[in-house]
Structure formats: structure tokens, C-alpha cells
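Remarks on the structure that follows.
The values are calculated or read from the model by the stated rules, or taken from the named source; none is laboratory data. All of these numbers come straight from a predicted model, not from anything done at the bench. Note: ideal-geometry Cβ built from the backbone for every residue, glycine included; neighbour counts use all protein chains shown. Heads up: the accessible areas ignore ligands, DNA and RNA and are worked out on the full protein's heavy atoms, side chains in. Shrake-Rupley method; radii C 1.70, N 1.55, O 1.52, S 1.80 Å.
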Amino acid sequence: AQSVTQPDIHITVSEGASLELRCNYSYGATPYLFWYVQSPGQGLQLLLKYFSGDTLVQGIKGFEAEFKRSQSSFNLRKPSVHWSDAAEYFCAVGVSNGNKLVFGAGTILRVKS
Amino acid sequence: DVKVTQSSRYLVKRTGEKVFLECVQDMDHENMFWYRQDPGLGLRLIYFSYDVKMKEKGDIPEGYSVSREKKERFSLILESASTNQTSMYLCASSSPAIASYEQYFGPGTRLTVT
């Protein structure tokens with residue numbers, strides 16, 4: 001069965017520091033991969049997505065992610081974190097049955113000044 | 001811009017009440033989804049609809065039902081609310097026509113059952 005693992009429940013980084021959020025997936029075919037962000041009290045907003053082609057994808061708010069098939073990973077990165085990036089981040093994989101998404105448990109990012 | 005709206009941001013209901021959560025999308029999307037979100041568990045799919053009057057159970061359908069009488073509207077029904085249904089409920093929509101799996105989310109309804 002398809003699954004997504006986000007190994008870090010919480011991460012704290014200093015403002016201006018770099019960030020990497022980890023995501024590993026389990027899926028037999030070529031995956032459709034997503035990162036969403038949820039600010040407190042809000043719905044989910046799409047940060048970026050990977051379908052095919054270049055394995056390094058750029059998203060909104062200065063985020064990028066790299067697809068590594070050999071490691072079944074799709075880690076999210078940002079070179080310099082801003083206080084407004086504090087939120088919960090979800091990785092998801094698209095599964096073929098009805099355009100559904102399977103989500104990871106999420107990583108809560110805290111930014112300290 | 002795609003807009004997905006949910007009828008309430010916060011809702012407090014009593015155990016045993018029948019609860020309706022409404023979701024409306026304005027992009028003519030065929031697919032609509034209801035998720036519940038709990039800390040440490042991510043988003044879990046309750047029900048999915050791929051067309052009017054069509055529905056499919058997700059991973060945790062027990063205690064819930066859905067209704068989709070019009071393409072733009074997808075309702076989640078708790079027939080007899082229980083305290084273990086206290087949660088954040090998120091609605092989403094997508095279009096299979098572009099085969100992208102990208103889902104657009106509403107702001108969520110935080111339901112408390114007392």
C-alpha cells in the first residue's frame with residue numbers, strides 16, 4: 001500500500017538558517033509528489049509538486065524540493081527561513097485510484113529569532 | 001483562483017446530535033474529498049466523490065456519510081456525533097481532467113463534540 005513518512009514531527013530552526021524537511025514515500029509506480037503548507041488555523045496551500053522531468057522543483061515562497069528515486073525521497077528545502085515560515089508541512093503522494101492523495105503525518109516547523 | 005469554502009470555521013455540538021458540514025467549490029471540479037486532521041496523524045480520507053451522486057469510502061468512513069446532490073457541493077454528515085469525532089475537518093476538490101492530482105483545500109471546520 002502507498003504510504004508517506006515524515007520522520008520529524010517537530011523541527012526548530014533559527015531565522016535565516018537553512019531548512020530541510022524529510023519525506024519518504026512508498027509507491028510502486030512513478031509517483032506524483034506534493035508538498036503542502038498549513039499556517040495556523042488555515043487550510044492547506046500547495047507549495048510545489050513533482051510529476052516528471054527535472055528532479056529539482058521550485059515552488060512558492062522560495063521553497064524547492066528534490067526527487068530522488070533511488071532513495072524514495074522528496075525532501076523540501078529552503079536556504080534561509082523567515083519567521084513567517086512557521087507552519088505545518090505535509091508531504092503527499094498521488095495514487096492512481098481516483099486521483100487521491102496519501103499524506104504524511106506532517107512536520108511542525110518552529111522558527112526562533 | 002479556485003475557491004473552496006466550508007460553512008463553518010468552528011462548530012460545537014453535543015453527543016448524539018446530527019451534524020452537517022458543508023463544502024462548496026467554484027471551479028467545476030468533478031472530485032471532492034473530505035478529510036479529518038488530527039495531531040500526529042496527518043490527513044485521513046473519510047469519503048471521496050468523483051461525480052454527482054457518486055461516492056467512495058476512504059480510509060475512515062465509519063460514523064460518517066456524505067451527500068453530493070450538486071457538482072459544486074459536498075456535504076459530510078455525522079449521523080450521531082460522538083466525542084471521538086472532535087477534530088479538524090478539511091474539504092478539498094480537484095479535477096481529473098488535468099490528471100494532476102492537485103487538490104485545493106478549504107479553510108477547515110474545527111468541530112468539538114461535548
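In the list A:101, A:33, A:109, which residue meets the criterion of being part of a strand (DSSP E or B), out of contact with any Cys (no Cβ under 8 Å at 6 or more places or on another chain) and closer than 19 Å to residue B:102 by Cβ? Explain how you work it out, then say what you get.
On the way: A:33 fails: out of contact with any Cys (no Cβ under 8 Å at 6 or more places or on another chain); A:109 fails: closer than 19 Å to residue B:102 by Cβ.
After ruling out the rest, the residue left standing is A:101.
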Task: residue A:10, sole failed condition from (1) within 14 Å of another protein chain (Cβ to nearest Cβ); (2) touching a Phe, Trp or Tyr at 6+ places or on another chain (Cβ under 7 Å) - done: (2)
Task: Which numbered condition residue B:33 fails, given (1) at pLDDT 95 or above; (2) away from chain A (no Cβ under 14 Å) - done: (2)
Open item on the list: Can you tell me how many residues within the stretch A:13-27 are away from chain B (no Cβ under 12 Å), under 14 Å from the mean Cα position of the chain (by Cα) and open to solvent by less than 40 Å² (accessible area, probe 1.4 Å)?
Closed with: 3
Open item on the list: Would you confirm whether or not the stretch A:76-84 contains a residue that is touching a helix residue (DSSP H, G or I) at 6+ places or on another chain (Cβ under 8 Å), within 14 Å of chain B (Cβ to nearest Cβ), open to solvent by 10 Å² or more (accessible area, probe 1.4 Å) and not in a strand (DSSP E or B)?
Closed with: no
TODO: For the stretch B:87-108, indicate whether the set of residues that are over 23 Å from residue B:11 (Cα atoms), out of contact with any Asp or Glu (no Cβ under 8 Å at 6 or more places or on another chain), charged (D, E, K, R) and open to solvent by less than 50 Å² (accessible area, probe 1.4 Å) is non-empty.
DONE: yes
Open item on the list: Looking only at the stretch A:1-16, how many residues end up being in contact with a Lys or Arg (Cβ under 9 Å, 6 or more places away or on another chain), part of a loop (DSSP other than H, G, I, E, B) and over 27 Å from residue A:70 (Cβ atoms)?
Closed with: 1
- [ ] Would you check which residues across the stretch A:28-65 are among the hydroxyl-bearing types (Ser, Thr, Tyr) and open to solvent by 50 Å² or more (accessible area, probe 1.4 Å) and list them?
- [x] A:30, A:32, A:52, A:55
- [ ] Among the residues of the stretch B:42-51, write down those that are more than 16 Å from residue A:2 (Cβ to Cβ) and surrounded by 14 or more Cβ atoms within 10 Å (Cβ to Cβ).
- [x] B:46, B:47, B:49, B:50
